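Asker: The following block contains the structure, expressed as structure tokens.
Please treat every number below as a calculation from the coordinates, not as lab data. Keep in mind that this is a model prediction, so the values were computed, not measured. Heads up, the Cβs are rebuilt from the backbone with ideal geometry, glycines too, and the neighbour counts pull from every protein chain shown.
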């Protein structure tokens with residue numbers, strides 16, 4: 001139990017009569033990168049939304065960092081150390097990189113309520129450090145996000161999650177809208193996170209990416225977890241048969 | 001790989017893509033405008049717009065004209081400082097002109113003298129209560145209170161009922177104008193104390209305008225408040241997800257705008273030595289125009305107080321320039337309208353060009 005970062009038990013979400021997520025039991029260990037795969041509407045995003053408390057679950061329990069948790073909202077989840085890179089990037093286009101990294105949790109020199117003086121130097125330094133740590137290349141920190149490419153934006157969003165000593169990073173299709181070169185850049189960042197031992201949940205449709213980056217693959221189908229496989233025990237065809245329903249039943253890890 | 005720096009070499013990086021501050025463009029527009037007036041003056045009138053041509057005065061510039069240029073926009077400029085913050089947050093404030101009217105009436109009635117030329121002040125609102133010859137701090141605090149209250153109502157309406165800022169402040173615009181007329185049943189309020197009259201004397205409006213501009217430029221650049229203004233204006237959902245308390249912030253922005261409008265009312269009524277219910281009509285639009293000309297984006301997230309100050313100077317130069325060329329005031333209004341639209345069109349083009357290059 002000590003090395004388990006996140007654990008869910010019987011996690012369930014229903015929207016009226018629609019069973020979007022049904023009895024999900026999930027575990028994530030320290031330093032582990034787990035991929036979540038599944039068809040559209042299989043419950044992947046719903047699962048993430050329950051963990052990050054963007055929505056409130058219908059049933060089930062969540063343990064995070066050794067404690068049972070009941071987050072009231074995404075901000076509470078973030079404060080506990082769960083950082084999420086959303087599909088629609090939560091960046092302010094007209095702000096520069098440090099401002100976006102520290103958005104909503106600015107470091108201040110003097111506390112004067114809303115008129116607190118910002119510690120711009122510190123935030124700049126911390127931003128540089130975070131970019132180095134994640135190996136993100138951003139040409140000019142003072143440029144606004146508006147002037148950046150899709151890949152650079154995604155990199156900023158990911159660097160943000162890595163700035164705040166997060167205990168768990170969740171990425172919801174981080175490369176879905178990116179070109180080949182930009183995807184490679186984001187994947188490099190994810191490898192750097194792996195080297196640093198930061199646990200990650202990656203939602204992706206990209207089979208090659210998942211096998212490249214993750215230790216374990218969890219497949220969702222029709223709101224249920226139908227497979228939980230170590231990378232070396234499976235292959236692409238196997239995963240596809242679980243995604244499409246050609247293979248059924250919960251394949252458990254022989255842990 | 002981990003030791004790769006964050007330096008030059010990102011995807012699709014172009015060193016020339018660095019942001020060119022919008023304020024520089026606005027400043028260039030100001031310079032061009034001055035040069036145009038100078039040239040027209042030299043060619044057609046044989047007189048200089050900017051430089052001193054009188055032999056009995058030893059100065060390089062025509063200082064009287066420079067003073068007028070900035071003096072005539074100072075009061076609306078004070079309002080524009082608040083309006084700029086509202087627009088950067090993605091809102092709009094149509095009520096500032098009416099807040100000026102209502103605040104001027106209410107504040108002035110606490111700034112009156114008891115006797116005029118040995119007779120009881122015929123315009124005194126509170127003669128019977130003995131609220132005359134009060135220290136200057138009283139009317140100023142009353143004014144700030146008025147602005148604060150109006151801003152609070154604006155902000156609370158926008159933050160909690162989620163009606164568009166356009167509608168909320170339109171309501172306040174009409175209501176505050178009504179209050180201005182009702183306060184003295186349409187009568188002007190005059191004869192302020194000497195200390196109150198001192199607030200708007202001479203170049204005081206300019207000093208107040210520029211000090212407030214510097215203060216708020218610093219606040220917008222160096223404080224959490226400023227950062228959150230830009231964040232909310234540029235992506236409200238992102239700001240909310242980042243944990244910024246949107247409702248509180250919006251209320252604060254409208255309160256600041258209200259208080260600045262109230263301060264403009266104090267300066268204006270002090271300068272005119274009287275308050276009338278029709279004071280400040282159309283000021284809200286002039287203030288918005290100054291901000292827009294100064295490069296503040298009506299869609300939020302972009303602009304600065306510095307830009308708005310330059311925008312206000314463009315306004316001042318146009319008015320002075322037309323007077324200098326002895327053109328009718330009618331033309332001023334027409335040209336003002338064209339410039340407002342032109343500034344927005346130019347800004348849109350600039351944005352599209354940038355988006356294409358990015």
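Asker: Based on DSSP, what percent of beta bridges with both residues in chain A are antiparallel, to the nearest 5? Write out the running numbers ahead of the final one.
Answerer: Values: 24 of 43 bridges.
Around 55 percent of the beta bridges assigned by DSSP in chain A are antiparallel ones.
Asker: With springs only between Cα atoms under 10 Å, which of B:124, B:287, B:180 fluctuates most in a Gaussian network model of chain B?
Answerer: Of B:124, B:287, B:180, the most mobile in the Gaussian network model is B:124.
Asker: Please state the shape class of segment B:244-325: rounded when a/c is under 1.5, otherwise prolate if a/b exceeds b/c and oblate if not, all from the C-alpha gyration tensor. Let's see the in-between values first.
Answerer: Values: a/c = 2.76, a/b = 1.23, b/c = 2.25.
Oblate.
Asker: Between helix A:120-133 and chain A, what is the angle of the helix's C-alpha long axis to the longest principal axis, kept within 0 to 90° and rounded to the nearest 10?
Answerer: 40
Asker: Per residue and in cubic angstrom, what volume does the convex hull of the Cα atoms of chain B have? It would help to have the intermediate numbers written out before the result.
Answerer: Numbers: hull volume 67.2 nm³, N = 358.
So the per-residue Cα hull volume is 188 Å³.
Asker: Starting from 0 in steps of 10 Å, tell me what percent of the Cα-Cα pairs of the protein assembly as shown lands in each bin.
Answerer: 3, 14, 20, 19, 16, 11, 8, 5, 2, 0, 0
Asker: Going from the alpha-carbon gyration tensor of segment A:4-244, what semi-axes, largest first and in whole Å, does one get by taking the root of 5 times each eigenvalue? Each step should come with its number before you reach the end.
Answerer: Values: eigenvalues 193, 92, 48 Å².
For segment A:4-244, the semi-axes come out at 31, 21, 15 Å.
Asker: Which whole number gives the average, over all residues in B:229-238, of C-beta atoms from other chains lying within 10 Å of the residue C-beta?
Answerer: Working: counts 0, 7, 10, 1, 4, 10, 11, 1, 4, 13.
What the average comes to for B:229-238 is 6.
Asker: Angle check, please: helix B:246-272 long axis (alpha carbons) against the longest principal axis of chain B (alpha carbons), in degrees 0 to 90, nearest 10.
Answerer: Computed tilt is about 50 degrees.
Asker: For segment A:4-244, calculate the relative contact order in percent as a whole number, restricting contacts to Cα pairs under 8 Å that are 6 or more residues apart.
Answerer: Values: 447 pairs, mean separation 67.0, N = 241.
Here the relative contact order equals 28 percent.
Asker: Okay, next question. Classify segment B:41-174 from the C-alpha gyration tensor, please: rounded if a/c falls under 1.5, else prolate or oblate depending on whether a/b exceeds b/c.
Answerer: On the way: a/c = 3.35, a/b = 1.25, b/c = 2.67.
Oblate, since a/c reaches 1.5 and b/c is not below a/b.
Asker: Quick check on packing: order B:331-337, B:149-155, A:35-41, B:54-60 by the mean number of other C-beta atoms within 10 Å, highest mean leading.
Answerer: Details: B:331-337: 13.6, B:149-155: 24.4, A:35-41: 19.4, B:54-60: 7.9.
In decreasing order of mean packing, B:331-337, B:149-155, A:35-41, B:54-60 become B:149-155, A:35-41, B:331-337, B:54-60.
Asker: Kindly express, to the nearest 10 degrees and within the range 0 to 90, the angle between helix B:63-88's C-alpha long axis and the longest C-alpha principal axis of chain B.
Answerer: 70
Asker: Using only Cα atoms, locate the centre of segment A:151-195 and the centre of segment B:73-102, then give the distance between them in Å, rounded to an integer.
Answerer: 42
Asker: Now a separate question. Peptide A:96-103: average number of partner chain Cβ atoms within 10 Å per residue?
Answerer: Values: counts 2, 1, 0, 5, 5, 0, 3, 10.
Shielding by partners across A:96-103 averages 3.
Asker: With the contact rule set at Cα under 8 Å and sequence spacing of 6 or more, what percent relative contact order holds for segment A:125-227?
Answerer: Details: 90 pairs, mean separation 27.2, N = 103.
Answer for segment A:125-227 is 26 percent.
Asker: Using helices alone, I'd like the mean residue ellipticity at 222 nm for the protein assembly as shown: each DSSP H run of four-plus residues gives -39500 (n - 2.57), total over residue count, nearest 500.
Answerer: -16000 deg cm²/dmol
Asker: Measuring from centroid to centroid over Cα atoms, what is the spacing of segment B:130-151 and segment A:27-71 in Å?
Answerer: Value for the Cα centre distance between the two parts: 56 Å.
Asker: So for chain B, averaging the separation of alpha carbon pairs under 8 Å that are six or more residues apart and normalising by length, what relative contact order in percent results? Could the numbers behind the result be given before it?
Answerer: Details: 589 pairs, mean separation 106.3, N = 358.
Result for chain B is 30 percent.
Asker: Moving to a separate point now. What does the C-alpha gyration tensor say about the overall shape of segment B:155-279? Classify as rounded when a/c is under 1.5, otherwise prolate if a/b is larger than b/c, or oblate.
Answerer: Oblate, since a/c reaches 1.5 and b/c is not below a/b.
Asker: Can you pull the mean other chain C-beta count within 10 Å for peptide B:240-253? Intermediate values should be presented prior to the final figure.
Answerer: Working: counts 4, 11, 13, 9, 6, 2, 0, 0, 1, 1, 0, 0, 3, 1.
Mean partner-chain Cβ count within 10 Å for B:240-253: 4.
Asker: Using per-residue counts of other Cβ atoms within 10 Å, averaged over each peptide, order A:230-238, B:212-220, A:130-138 from highest down.
Answerer: Values: A:230-238: 13.1, B:212-220: 17.8, A:130-138: 22.2.
Top of the packing list down: A:130-138, B:212-220, A:230-238.
Asker: Highest mean first, how do B:25-31, B:68-74, A:92-98 rank when packing is the count of other Cβ atoms within 10 Å averaged over residues?
Answerer: Values: B:25-31: 17.6, B:68-74: 21.0, A:92-98: 24.4.
Descending packing order for the listed peptides: A:92-98, B:68-74, B:25-31.
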